[in-house]
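Some notes on the structure that comes next.
The values are calculated or read from the model by the stated rules, or taken from the named source; none is laboratory data. Predicted model only: the values in this text are computed from it and were never measured. A quick note on method: Cβ atoms are made from the backbone with ideal geometry, for glycine too, and the neighbour counts reach across all protein chains shown. For accessibility, only protein heavy atoms count, side chains too; no ligands or nucleic acids. Shrake-Rupley method; radii C 1.70, N 1.55, O 1.52, S 1.80 Å.
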Amino acid sequence: TNDHGYRMPLSGTITHMTNQFQFSISSTGTYEFIAKVYKNGSIVTDGSGSHTINGSTGFSGNRGFVTTFNPPILFDPGDAITVKVNFDALGISADDLASLLRVVTTIA
């Protein structure tokens with residue numbers, strides 16, 4: 001993340017977050033990939049998702065998961081939306097990752 005977020009031009013909702021990533025493990029363990037949604041710099045309490053990875057030294061792979069927000073995350077014009085991702089421990093790294101938010105707006 002750039003910590004600045006994306007300024008939303010319209011009001012609407014965020015219904016889903018999809019995360020896809022490649023990873024490499026440098027020490028055997030259990031790791032948690034965590035993705036969180038922030039609105040105007042504050043974490044959205046229901047706006048996080050995670051995926052557990054068990055692996056041994058030298059293991060690498062690709063994973064993905066979807067988080068559904070129920071209720072959806074509401075936003076207004078000018079709100080800054082940011083996604084922050086990380087692993088919960090050392091010994092694993094992301095080689096490539098992408099996070100996608102599904103945004104629904106209504107234009108009258």
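Distance from a point 7 Å along Cα→Cβ of SER56 to each backbone N in region 3-45: keep the residues under 13 Å and list them by number.
Correct set: 27-29.
Over the chain, average the accessible area per residue using a 1.4 Å probe and give it in Å², no decimals.
59
Leaving ligands, DNA and RNA out of it, report the carbon-plus-sulfur percent of the accessible area of region 1-96 at a 1.4 Å probe.
Looking at region 1-96 in its full context, I get 48 percent from C and S.
Quick one: 3J(HN,Hα) in Hz for region 63-72, Karplus 6.51/-1.76/1.60 with θ = phi - 60°, rounded, Gly and Pro as x.
Residue by residue, region 63-72 yields 9, x, 7, 10, 10, 9, 9, 9, x, x Hz.
Under a point-charge model restricted to the Cβ atoms of Lys and Arg (+1) and Asp and Glu (-1), what is the dipole moment magnitude of region 26-89 relative to its Cα centre, in debye to the nearest 20?
Charge dipole, region 26-89, about its Cα centre: 140 debye, nearest 20.
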